[in-house]
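Here's the structure we're looking at; comments come further down.
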Amino acid sequence: MTFKQNMEAMSKMSPEEREAKVGELTKMCICADCPTYVGTGEKKLLFCATGKSKIIKEEKGCICPGCPVYENMGLRWDYYCTKGSGKEQAGI
């Protein structure tokens with residue numbers, strides 16, 4: 001499924017279903033292992049869905065393309081923690 005198709009499917013979910021999906025994606029998220037994330041003090045994850053970090057400013061390497069969330073959601077960008085969510089980067 002493409003990113004746009006995933007976003008359309010999620011927009012049709014109830015708030016409870018959407019929350020469950022985000023929880024499932026958060027469990028798959030590998031942000032905490034990323035060189036850009038490590039050592040910043042950031043606690044938030046899943047930047048591809050939630051948007052930029054208010055803490056992370058310096059890009060030190062991106063592991064997003066190797067993340068299960070990336071494949072699951074049909075994402076195609078990188079550095080979500082500094083550039084914004086998939087929706088922001090797609091201009092949706």
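Which residues, counting only those in segment 1-32, are in contact (Cβ under 8 Å) with a residue 12 or more places away in the chain, part of a helix (DSSP H, G or I) and surrounded by 12 or more Cβ atoms within 10 Å (Cβ to Cβ)?
Filtering segment 1-32 down to residues in contact (Cβ under 8 Å) with a residue 12 or more places away in the chain leaves 1-7, 22, 25-26, 28-32.
Narrowing further to those that are part of a helix (DSSP H, G or I): 3-7, 22, 25-26, 28, 31-32.
Scanning segment 1-32 gives F3, K4, N6, M7, V22, L25, T26, M28, C31.
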Next on the checklist: Any residue that is closer than 21 Å to A90 by Cα and in a helix (DSSP H, G or I) - is there at least one of those in segment 33-46?
Outcome noted: no
Checklist outcome for this item: Expected output for segment 70-82 (first residue farther than 16 Å from S11 by Cα and in contact (Cβ under 8 Å) with a residue 12 or more places away in the chain, partner of a type in the set (F, W, Y) and part of a helix (DSSP H, G or I), Cβ below 7 Å, 6+ apart or cross-chain) is L75/F3; R76/F3; Y80/F47; C81/F47
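Is it the case, given these coordinates, that Q89 is buried (at least 17 other Cβ atoms within 10 Å of the Cβ) and of a type outside the set (K, R)?
yes
Rule-based calculations on the coordinates, nothing more; no lab input. Remember, predicted model here, so these are calculated numbers, not experimental data. Reconstructed Cβ throughout: ideal geometry from the backbone, glycine too, with neighbour counts over all protein chains shown.
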